[in-house]
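Novice: I am attaching a structure below and will ask some questions about it afterwards.
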Amino acid sequence: MTIKTIIDAWVASDPSYTWSPPATEAEIRAAEEQIGSPLPPPLRELYQFSNGGDIMDVVFLFQLLPNNISSLGLSNSTAMFNELGWHNPQEILLFATNGLSEAYGIWLPETDSEVFKQPIIEVAPTDEGCMAVVGTNLTSFLLGRTAYHLVFEIDNFDGSKKPDASKKLKQLQIALDILQVPQTFRHVEFFDDSDHHFSQIIKWADPSLPNPCASSYIQEYTVTDLKKLFGDSRDD
């Protein structure tokens, strides 16, 4: 699976949606200079598709550069969130929120782990040590949440009397086909137990992820915990 394939599914599911313009190479380079490291290739590819905005209610992606000194961008996300009382370590580059109170970040340092290659971390706006690992990599993370969102959308349109319901259902099924989501995950009755259904989809999308239902409020990892988990036990 690739970021491009996931993007193809996004576009197929709602071709009428207006995405944010792609980031230019100059904007990407400027953001990388301010961050102090190159963007991980999957994250760079995501910004080459859309420079911020609501990505299908899956993630709410920060734009690369802030509009002004007091606004939020990928390049100043850590500083801005920490000014608000968060405890986000420098190893994690915050790139999005989940539309609620938690943020998503990507672990930038190279790890010694065969499983975790720049994993995705959920960070909560609370005391230090409130993080969870929600993806072994960005592609698998987006795949799982996209697949779940698409099936949830099918639940909304299945049996609908809206004039465009049939067309929308077809678009959603095409998107699921692009992602090669198994038919067993596409049945509406699974949403009688949505937590279980979410867990099963995440297991399929990211089979190496230790806990498919990980939450920052449950795992409560510190940066030291994460370093040990990723095979890097060096001191901060």
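The values are calculated or read from the model by the stated rules, or taken from the named source; none is laboratory data. Computed from a prediction, not measured in an experiment: that's the story for all the values here. Note that each Cβ is placed from the backbone with ideal geometry, even for glycine, and that neighbours are counted across all protein chains shown. Just the protein is used for accessible areas: all its heavy atoms, side chains included, with ligands, DNA and RNA removed. Shrake-Rupley method; radii C 1.70, N 1.55, O 1.52, S 1.80 Å.
Novice: May I ask you to list the residues in segment 134-151 that are in contact with a helix residue (DSSP H, G or I) (Cβ under 7 Å, 6 or more places away or on another chain) and of a type outside the set (S, T, N, Q)?
Specialist: 134, 135, 138, 142, 143, 144, 147, 148, 150, 151
Novice: Among the residues in segment 59-82, are any crowded, with 20+ Cβ neighbours inside 10 Å, in contact (Cβ under 8 Å) with a residue 60 or more places away in the chain and of a type outside the set (Lys, Arg)?
Specialist: yes
Novice: A further question on this structure: Scan 176, 143, 138 and give me the residue that is modelled with pLDDT of 95 or more, farther than 20 Å from residue 230 by Cβ and under 14 Å from the mean Cα position of the chain (by Cα).
Specialist: 143
Conditions (1) among the hydrophobic types (A, V, I, L, M, F, W, C); (2) out of contact with any Lys or Arg (no Cβ under 8 Å at 6 or more places or on another chain); (3) open to solvent by 30 Å² or more (accessible area, probe 1.4 Å); (4) in a loop (DSSP other than H, G, I, E, B), marked per residue:
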position: 89; (1), (2), (3), (4): no, yes, no, yes
position: 113; (1), (2), (3), (4): no, yes, no, yes
position: 122; (1), (2), (3), (4): no, yes, no, no
position: 145; (1), (2), (3), (4): no, yes, yes, no
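Novice: Restrict the check to segment 97-106 and report whether at least one residue is over 20 Å from residue 80 (Cα atoms) and touching a residue at least 12 places away in the same chain (Cβ under 8 Å).
Specialist: No - not one qualifying residue is present in segment 97-106.
Novice: Taking interchain pairs and intrachain pairs at least six residues apart, which have beta carbon atoms under 6 angstrom, with the first residue in segment 33-58 and within 22 Å of residue 144 (Cβ to Cβ) and the second crowded, with 20+ Cβ neighbours inside 10 Å and small (Gly, Ala, Ser)?
Specialist: Within 6 Å, the pairs are 47/23.
Novice: Kindly provide the set of residues from segment 1-43 that are within 18 Å of the chain's Cα centre (by Cα) and surrounded by fewer than 18 Cβ atoms within 10 Å (Cβ to Cβ), ordered by number.
Specialist: Those that are within 18 Å of the chain's Cα centre (by Cα) and surrounded by fewer than 18 Cβ atoms within 10 Å (Cβ to Cβ): 1, 2, 4, 5, 8, 11, 19, 20, 22, 41.
Novice: Would you say residue 95 is farther than 24 Å from residue 133 by Cβ, modelled with pLDDT of 95 or more, in contact with a helix residue (DSSP H, G or I) (Cβ under 6 Å, 6 or more places away or on another chain) and of a type outside the set (A, V, I, L, M)?
Specialist: Here the answer is no, as residue 95 does not meet what is asked.
Novice: Of everything in segment 163-189, what is hydrophobic (A, V, I, L, M, F, W, C) and open to solvent by less than 50 Å² (accessible area, probe 1.4 Å)? Give them in sequence order.
Specialist: 165, 169, 172, 175, 176, 179, 181, 185, 188
Novice: Mind listing whichever residues of segment 124-143 are part of a loop (DSSP other than H, G, I, E, B) and either of a type in the set (S, T, N, Q) or in contact with a Leu (Cβ under 6 Å, 6 or more places away or on another chain) (or both)?
Specialist: Passing the criteria: 126, 136, 137.
Novice: Please tell me if residue 171 is under 13 Å from residue 8 (Cα atoms) and either in contact with a strand residue (DSSP E or B) (Cβ under 6 Å, 6 or more places away or on another chain) or modelled with pLDDT under 95 (or both).
Specialist: yes
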